1. Between a first residue in region 399-426 that is without any contact (Cβ under 8 Å) to a residue 40 or more places away in the chain and a second residue that is among the polar types (S, T, N, Q), which pairs have beta carbons less than 6 Å apart while being 6 or more apart in sequence or on different chains?
2. For the list (1) crowded, with 19+ Cβ neighbours inside 10 Å; (2) not in a helix (DSSP H, G or I), I need the number of the one condition that V421 fails.
3. Restricting the search to region 36-67, which residues are modelled with pLDDT of 90 or more and over 18 Å from the mean Cα position of the chain (by Cα)?
4. Within region 57-79, which residues are part of a helix (DSSP H, G or I), of a type in the set (D, E) and closer than 22 Å to P262 by Cβ?
5. Can you go through L411, L441 and tell me which one is in a helix (DSSP H, G or I), surrounded by fewer than 19 Cβ atoms within 10 Å (Cβ to Cβ), assigned by TED's automatic domain parsing to the domain that holds A213 and out of contact with any strand residue (DSSP E or B) (no Cβ under 6 Å at 6 or more places or on another chain)?
6. Scanning for something of a type in the set (G, A, S), exposed (fewer than 15 other Cβ atoms within 10 Å of the Cβ) and farther than 30 Å from R94 by Cα, does region 169-187 turn up at least one residue?
7. Identify, please: which residue in region 127-145 is touching a residue at least 60 places away in the same chain (Cβ under 8 Å) and in contact with a helix residue (DSSP H, G or I) (Cβ under 8 Å, 6 or more places away or on another chain) and is, among those, nearest to S333 (Cα to Cα)?
8. Among (1) crowded, with 18+ Cβ neighbours inside 10 Å; (2) more than 23 Å from A222 (Cβ to Cβ), there is one condition V426 misses while meeting the rest; what is its number?
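The values are calculated or read from the model by the stated rules, or taken from the named source; none is laboratory data. It should be emphasised that the depicted structure is a prediction, and the values quoted were computed from it without experimental measurement. Cβ coordinates were reconstructed from backbone atoms using ideal geometry, including for glycine residues, and neighbour counts include every protein chain displayed.
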Amino acid sequence: MRKGRIMAAMLPLLASGCSMAPSYTAPRVAPAPAAFKETGMWTPAAPADAMPRGAWWRILPDPVLDGLEQRIEKDSPRLAVALARYDQARALTRQARADLLPRVDATGRAVRARAMSPVTGGYYEYNDYAVGGSAAYEVDLWGRIRNQVSATQAEAQASAADLAGARLSLQAELADDYIQLRKLDAQLELLSQTKTAYAAAVDLTTKRFAGGAANEADVTRARTQFKSVQSEMAQRKADRALLEHAIATLVGEQASGFAIAPVAVMLAPPQVPVSAPAMLLQRRPDVAAAERRVAAANARIGVARAAFFPQITLGASGGFETTAASLLTAGSSVWALGPALAAMPIFDGGRRRAGVAYARAQFAEASANYRQTTLDAFREVEDQLALVNRLAEASAQQSEAVVAAARTNQLANIQYREGAVDYLQVVTAQAAELQAREDQLALESRRLIASIGLIRAMGGDWSNRGS
């Protein structure tokens, strides 16, 4: 009955808990524009904001890329690091929540002791047996524990967004490397064809020189071009090997045993649908992570402010203790019950005030970081939109340049055979055509990489294709 009266007296305290954290609202940022400025023919707006993210790379229909991307999820060490950090954050949340519940411990001992009798002054020996348990519960009057839980929970949510961001970043990096590798495959095929043509030119000039229809300079120019193409092929093969090694690392495989078969066909640049600007801040993992860290910093202000008030803990313990062989008897029972008040802060040299100031400064830092992240998000989307659309225009013009360069080369060869021009004109035309074709491949590669960058800047996939 007495225990019940004590617990009833504590109920008002339990019910009167409050939070010392400021009311949280996400920091204000510049309003989203009605539309992105740099949209164009290659980046149409699409009502796809509600569609789930998924295997966005399948907008590029390449089964090899698809297989490599799927390996990232299970084999990438870098993704495993991000996943481990998320698991750590979740564990910290569970650890903080445990403080909301009572702590119950069991105790026991059996010792042989020697002591001096205050009556006789002599020593005697005795046995001491004890068994029991204890329970303690901190009354969260000032919201210290609840705010700590809120902070760790927000950090866990930020870590989940970090994991999504790391996954998206790895997927985009792999796609970039793969596109660059396929560009090198196409360049190597172009150089191989060019080498064949240059070898024929060496043969032609050598025969004309032997017949007196050409001079030795024509032969040396043809050989110079031929050797230059061989040198460029060796350099491109080296570049391809490095990209192949990078892809191996991304998918968690040793570079020594990894290979991707060459394919000389470039992928066609896709049309990337663009979600509404208002949805961007909801889709970007880095923006979500930054906002959650602001919430965590806000909750930590409450933890720091609660340190100005004493901690009240309800405790109870009980059990049996005796020096006799019979332990579990009514006469050997012991118990204790009552609240405990931690030291009331009076003077600490400004330690607690400094703690609150530090928490507020952390909140200000997190808020500024959130605002900067949102600005960067819109800038990155506009950057990639500009690249996708302007590079599409440049690619169309470069295609016309390739046609013109090929025609010039054809005419120069005809005129050389007829003796109308010297071989220097042929060399110039051949070099111009090769450069025009290489520039075209580089532009197509940049367009593909810009498309990947746009998808990444938008926060992932818009499609409902699934993963």
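1. Sorted first by the residue in region 399-426, then by its partner, the pairs are V402/Q440; N409/Q430; A412/Q425; V421/Q415.
2. Every listed condition holds for V421 apart from (1).
3. The initial filter retains those residues of region 36-67 that are modelled with pLDDT of 90 or more, namely 57, 62-67.
D62, P63, V64, L65, D66, G67, listed by residue number.
4. Residues of region 57-79 that are part of a helix (DSSP H, G or I), as a first pass: 57-59, 63-75, 77-79.
Right, trim to of a type in the set (D, E) and you get 66, 69, 73, 75.
Scanning region 57-79 gives D66, E69.
5. Numbers: L441 fails: surrounded by fewer than 19 Cβ atoms within 10 Å (Cβ to Cβ).
Residue meeting the stated conditions: L411.
6. The initial filter retains those residues of region 169-187 that are of a type in the set (G, A, S), namely 169, 172, 175, 186.
Right, trim to exposed (fewer than 15 other Cβ atoms within 10 Å of the Cβ) and you get none.
Within region 169-187, not a single residue is of a type in the set (G, A, S), exposed (fewer than 15 other Cβ atoms within 10 Å of the Cβ) and farther than 30 Å from R94 by Cα.
7. Taking region 127-145 first, the residues touching a residue at least 60 places away in the same chain (Cβ under 8 Å) are 127-144.
With the extra rule that they be in contact with a helix residue (DSSP H, G or I) (Cβ under 8 Å, 6 or more places away or on another chain), the set shrinks to 138-144.
On the way: E138: 26, V139: 28, D140: 31, L141: 33, W142: 36, G143: 36, R144: 36 Å.
My answer is E138.
8. Condition (2) is where V426 drops out.
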